[in-house]
Amino acid sequence: MPNKPPLDIAIVGRSCLFPGANSVKEYWENTLAGSSQISTVDSKRWGINLESAYLKGGYQADHTYCPKGGYVTDFDKIFDAEGFNLPASLVRKLGPVFRWTLHCGRAALQDAGLDVNLGSLGDKSGIVMGNLS
């Protein structure tokens, strides 16, 4: 098999959104402080009565064994729905994972020193995203 030339890859901007960290700076501050961002779920998040949904043993469909997890909170306080080549009213109606992606994409571009509309990047750009659920 012939040798292929290496790919030209440049990581030019970073962004993240984690429980307790809406920016790379906050993430590293939490990491260095050894701060756990695990909490008990707010009953409004799941829209159920947690006492009746929480099981201490056995198995039952539509129930949980642990109401604790890492939950992104207060995101809507920092999210700006403008500037995505979409009506802001539509962007605000998108599910959280879509809004998180738009937010982090723009923040990564800003971290790279760019301040562009996400719809004007053209075909010379790409993105690598991850979501652990």
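The values are calculated or read from the model by the stated rules, or taken from the named source; none is laboratory data. It should be emphasised that the depicted structure is a prediction, and the values quoted were computed from it without experimental measurement. Backbone-built Cβ (ideal geometry, glycine too); neighbour counts: all protein chains shown.
For CYS66, indicate whether it is exposed (fewer than 11 other Cβ atoms within 10 Å of the Cβ) and either modelled with pLDDT of 90 or more or not polar (S, T, N, Q) (or both). It is true that CYS66 is exposed (fewer than 11 other Cβ atoms within 10 Å of the Cβ) and either modelled with pLDDT of 90 or more or not polar (S, T, N, Q) (or both).
Would a scan of the range 5-12 turn up a residue that is among the acidic types (Asp, Glu) and at pLDDT 90 or above? There is no residue in the range 5-12 that is among the acidic types (Asp, Glu) and at pLDDT 90 or above.
Can you name the residue in the range 21-36 that is without any contact (Cβ under 8 Å) to a residue 24 or more places away in the chain and not in a helix (DSSP H, G or I) and is also nearest to GLY105 (Cα to Cα) among such residues?
At the first step, the residues of the range 21-36 found to be without any contact (Cβ under 8 Å) to a residue 24 or more places away in the chain are 21, 25-36.
This time we only want the ones that are not in a helix (DSSP H, G or I), so: 21, 34-36.
Numbers: ALA21: 16, GLY34: 27, SER35: 26, SER36: 25 Å.
Checking each candidate, the answer is ALA21.
Restricting the range 46-63 to residues that are surrounded by 12 or more Cβ atoms within 10 Å (Cβ to Cβ) and assigned to a helix (DSSP H, G or I) leaves a set whose member that is modelled with the highest pLDDT is TRP46.
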